1. Restricting attention to segment 62-75, which residues are in contact (Cβ under 8 Å) with a residue 12 or more places away in the chain and over 13 Å from Asn153 (Cβ atoms)?
2. Residues that are in a helix (DSSP H, G or I), closer than 30 Å to Asn153 by Cβ, open to solvent by less than 100 Å² (accessible area, probe 1.4 Å) and at pLDDT 85 or above: does segment 20-41 have at least one?
3. Taking the condition of being of a type in the set (Phe, Trp, Tyr), open to solvent by less than 40 Å² (accessible area, probe 1.4 Å) and at pLDDT 90 or above, how many residues in segment 132-173 meet it?
4. Is it the case, given these coordinates, that Asp112 is surrounded by fewer than 19 Cβ atoms within 10 Å (Cβ to Cβ) and touching a His at 6+ places or on another chain (Cβ under 6 Å)?
5. Any residue that is farther than 30 Å from Phe137 by Cα, modelled with pLDDT under 85 and open to solvent by 40 Å² or more (accessible area, probe 1.4 Å) - is there at least one of those in segment 84-105?
6. Please find, among Ala151, Ala143, Ala131, the residue that is in a helix (DSSP H, G or I) and under 28 Å from Glu51 (Cβ atoms).
7. Taking segment 115-131 only, how many residues are open to solvent by 70 Å² or more (accessible area, probe 1.4 Å) and either small (Gly, Ala, Ser) or out of contact with any Pro (no Cβ under 8 Å at 6 or more places or on another chain) (or both)?
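The values are calculated or read from the model by the stated rules, or taken from the named source; none is laboratory data. Being a predicted model, the structure only gives us computed values, none of them experimental. As a convention, Cβ positions derive from the backbone with ideal geometry for all residues, glycine included, and neighbour counts pool all protein chains shown. What goes into the accessible areas is simple: the full protein's heavy atoms, side chains included, and nothing from ligands, DNA or RNA. Shrake-Rupley method; radii C 1.70, N 1.55, O 1.52, S 1.80 Å.
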Amino acid sequence: MSSDFRSKLLRTSGAIVLIALSALATGCQVRPLYSEAGGVAQKLGSIAYSEAGSRIGQVVRNKLIFLTAGGNGEPANPEYKVDLTVTSSVAQVLLVETSDRARAGQVAVAVDYILRRNADGQVLKAGHRQAISLVDFPVQEFAKVRAIRDAENRAANEAAELVRADLAAALGR
């Protein structure tokens, strides 16, 4: 008799849990980030970016313009404005003890951004993104300078993609 009661109790509690999970799932509003239904692509295409203050800032700005506008360039009458502050740093991580020279390093590109609506100046999103790129330092000085520049470009492009994802999420709400 007690096993009959347990089996009924298990079936009833299982049914209740199933109904509760179904109710929770119906309230879920998950939708694709890049869907056309939300108009995110059009909103991303109507963003203007602040002027760059450095070469790395220009790389980030150019990549963001390409990613958000789909290669069309900045809009003539933007609905939104993004203020960008880009910094980069190079750190030596693998030192040779006998020669006191670095053999490898890392380049960090940090982007602080503020997304504003042009109509009323309201801040929609502010954030900070950082990307790190590893680099090997060759013995020749020009090769070392070029390797650092390539690593800066890689990190800047990755940081721009992270910022673009943040902007798309903010405008998709």
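1. The answer is Leu64, Ile65, Leu67, Thr68, Ala69, Gly70, Asn72, Glu74, Pro75.
2. In the first step, residues of segment 20-41 are kept if they are in a helix (DSSP H, G or I); the result is 20-26, 40-41.
Those left that are additionally closer than 30 Å to Asn153 by Cβ: 40-41.
From what's left, open to solvent by less than 100 Å² (accessible area, probe 1.4 Å): 40-41.
Next cut, at pLDDT 85 or above only: none.
No, segment 20-41 has no match at all.
3. Residues of segment 132-173 of a type in the set (Phe, Trp, Tyr): 137, 142.
From the residues that got through so far, the ones that are open to solvent by less than 40 Å² (accessible area, probe 1.4 Å) too are 137.
Filter once more, so that each one left must be at pLDDT 90 or above: none.
Result for segment 132-173: 0.
4. Numbers: surrounded by fewer than 19 Cβ atoms within 10 Å (Cβ to Cβ): yes; touching a His at 6+ places or on another chain (Cβ under 6 Å): yes.
Taking the combined requirement at face value, the residue satisfies it.
5. Our first condition is that a residue be farther than 30 Å from Phe137 by Cα; within segment 84-105, this holds for none.
Within segment 84-105, not a single residue is farther than 30 Å from Phe137 by Cα, modelled with pLDDT under 85 and open to solvent by 40 Å² or more (accessible area, probe 1.4 Å).
6. Values: Ala143 fails: under 28 Å from Glu51 (Cβ atoms); Ala131 fails: in a helix (DSSP H, G or I).
Sole residue among the options that is in a helix (DSSP H, G or I) and under 28 Å from Glu51 (Cβ atoms): Ala151.
7. 9
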